[in-house]
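Have a look at the structure below before the remarks.
The values are calculated or read from the model by the stated rules, or taken from the named source; none is laboratory data. Treat the numbers as computed from the prediction; the structure is a model and nothing was measured. We place every Cβ from the backbone using ideal geometry, glycine too, and count neighbours over all the protein chains shown. With ligands, DNA and RNA removed, areas are computed over all heavy atoms of the protein, side chains included. Shrake-Rupley method; radii C 1.70, N 1.55, O 1.52, S 1.80 Å.
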Amino acid sequence: MIQKNKIFLVSLITMFILLGVKYSWCQDTTRSDSAVYRCSKEIARLSSRIDSLEARLEGQQIQIVESNPLKSGNYLQWGKGLTLAATKSEQRITCDAGYTFLTPKSYRLGIAGGFDGILGADDDFPYFDFYGKVTCGTPVLINFISINGYFRTHFYPKDAQRNGFHTAGGLSLGAELEFWFRPTFCYTFGGSITTMRERTSMTFLKLSEINFIGFKYYPQCKKKKR
């Protein structure tokens, strides 16, 4: 694409030079009327050619801008509205439901509530908990990939406590890559870090997870909407 632009620019410069030479030659009063007539026709032809090259160059520039979403802002309008999600790590599984809003620049902001429970390798965290979640994601790019980050606050019921460790809640941060198969569905891969403090001391527990299986579903998204 860049090489084509260079060729167009060189062509335009060449045409302008030729047009100037022709015009200067035509100003010579010693030339015959027929030569002046031929010169005028040549000038008109070169002018038409220059106009054609300028139009093609402008078309190439527009095409470059439209193909670059960072310049054009033409992102896929996917991943909004009612949101259902689930992820699975080696230790635990999470399921949540919420709503995702789309900003004017196609960034995605969401809120959700969900359930987190042990399902796999044992860890020191409570057996299960409930959480609230806030998300912030990039637009869905034309390569069907986006990035999402989230913050969760956890509430651990009394019945979920174990190993003599008692806590009311915890906090977690996470990020994930989203690979989109359609406007209504994407696969997610990422990780999170969760921490909680013992109720009666300054003892902390931390859990790092890799969410190697996950998905998000947006039931109301139209199939071909962009």
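Listing for the model above:
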quantity	calculated
Apportionment of accessible area to carbon and sulfur, the range 143-195, percent (1.4 Å)	70
Principal axes of the range 73-161: Cα extent on each, largest first, Å	49, 21, 17
Charge context of residue 95, other residues only, Cβ under 14 angstrom, K/R +1, D/E -1	+2
Among 121, 106, 132 the positive-end extreme of the charge dipole of the range 106-198 (Cβ point charges)	106
Potential extension, residue 175-residue 41 segment - 0.36 nm per residue separation minus Cα distance	41.6 nm
Residue 155 accessible area, assembled protein chains, probe 1.4 Å, Å²	110
In Å², nearest 10: area of residue 154 left accessible to a 1.4 Å probe	20
Exposure of residue 54 as accessible area (Å², to 10), given a probe of 1.4 Å and all protein chains	80
Accessible surface of the range 72-127, 1.4 Å probe, proportion on carbon and sulfur as whole %	64
Selection from 184, 201, 172 lying farthest towards where the dipole of the range 166-226 points positive, charges on Cβ	184
Net charge, residue 110 excluded, C-beta distance under 13 Å - Lys, Arg +1, Asp, Glu -1	+2
